[in-house]
Structures are given as C-alpha cells and as structure tokens.
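Data block below; observations after.
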Amino acid sequence: MNQAALGIVFAVPIEADAFARRAAGVAEFEAEGLVFREGHVAGRGVAWCVAGVGREAAARATRRLILGHRPRLVVSAGFAGGLDHDLVRGSLIHAAQVTLPDRSTQLCLAHAAPANGRDLTLVTTDHIAMTPAEKADLRAASGADAVDMETFAVAEVAAAKGLPCGSLRVISDDAGQTLPTEVAMLARPQSAMRRLGAALGAIGRRPRAAADFWRLWEHAVVDGRTLATGLIDLCGSLPESRSVTP
C-alpha cells in the first residue's frame, strides 16, 4: 500500500478490536513503541493504531501514522460520554467540530453527519466526566454534546499537516449515567499489566466493582461492533485509490 485512504487513531484495544477483525491482508509495523496496522476494508487501504488514552498519546500516534502511512483522511475513533440528554447510550455520532472545555479553540471536522437534525460538537478534556453533575457543568461551559479525551489532539495534528480529520464516536455512557469511581483510575496512561493490577486492586477494595467492570466490558464489546460498522461504512464512502488492491 503506497498511501492509505484512511488513517484511524483509537485510544484502547477494545475500541479497535471489532474493526481489526473485519480488515483483510493485515500487516503490522512497529515504530516508537507503537504498533501500526495496514489492511483493506471495503476495498480501501486503511492504516490504524491504538495510541493510548489522552491528548499527548493521541497526538504522538497521529504524527507517526501520518508520517508512515500518508492517509488522505484521519479519523479519531472510539467511545465518548454523552453530555446532551438526547444522545442515548450506544448511539454512533459523527461530530462536526471539536472544542476545548473553555471554548478557546474550535476545529472543524470532516465527514460530519447531522444527528437529530443538527451538527454535533465534541469537547476533548484531560479527565473523564464521571457524574451527571460533572457532565452538565461541562456542557454548560463548552456548549458540547459529547466528550472524549483524544479528538482535539488528533484534529490539531492533522490540521498542521494539511489533512482533513473526522471523528466517529459511540456514546458509551449517557448524560444521566454515573460511572464507577474506578473508571478514572483505569483510564490513566499506563501499561496493560499496570491497568490489570489496578483493576484487581479495585475489586479487592470494593468487590462490587467486579460486576461493574463486567457490565462495562459487555457494553464496550457491543459499542466496538457499532463503531466498526460505522468505520466500514465510512471506508466504503471514500474514493477508491489505484494504489490499493483489495
């Protein structure tokens, strides 16, 4: 593959797994401690990586993805928290713009598809909005409909390279949902082994956390499939490239 039609940046493996299973002719490359994959989806060349959580990790992975695979479109893909009560858990959203919590900077996003008759705005933060009160405060401050921790960074790097950037997100928790207290701890940048140790420690301190983690995992598996379907549809909508052989 000389040039990927689409470059995708995921944060965590569960967001990427269902999509990766649908790709054909997958090859793996490692650079700067990250694993990048190339394959074909819907007849288009696609490159993707699992960057890790947060803006710094997302920006680093995006720069490397663009350098190594030269995508014509970059997409930040994964899960998001709902801030607008009209966005139900499990729904797929294409945001039209992404902002920061203080609205100091806003970036336009490509391939936006209006939901509920209007464009949607994402806000990228450095922490998870855990409670309905936190989500309401964030919505009031930012004017956003949903929140994630990576899209602004991906879009900022893409814009600096002169590339369009889109964001495809599944609402993993709605505006009225309170997340288990341990979720914030598990979302911190850390190795898989450290994250497992943190989860086991949380269960030791609060045995009911095991049931909470299992429910979140079940939802994440379903949400990953929804995300994969949306990404495959996006791939199919892109122009074909003569450098790609399905």
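Nothing in this text is a laboratory measurement; each read-out follows from the coordinates by a stated rule. Please read these numbers as outputs of a predicted model, since none were measured by experiment. Positions of Cβ are backbone-derived with ideal geometry, glycine not excepted, and every protein chain shown enters the neighbour counts.
Stretching Arg103 away from His219 to a fully extended chain increases their span by 38.7 nm, per 0.36 nm per residue minus the current alpha-carbon distance. For the range 126-135, the Karplus equation 6.51 cos²θ - 1.76 cosθ + 1.60, evaluated at θ = phi - 60°, returns couplings of 9, 8, 7, 7, 8, 10, x, 5, 4, 5 Hz by residue, with Gly and Pro reported as x.
Sorting check: for 86-92, 173-179, which peptide has the highest mean count of neighbouring beta carbons within 10 Å, and how do the rest follow?
Details: 86-92: 15.6, 173-179: 17.4.
Descending mean neighbour count gives 173-179, 86-92.
Residue-wise HN-Hα couplings along the range 140-153, as the Karplus relation 6.51 cos²θ - 1.76 cosθ + 1.60 with θ = phi - 60° gives them from phi, are 5, 6, 9, x, 8, 9, 8, 10, 9, 10, 9, 4, 4, 5 Hz; Gly and Pro carry x.
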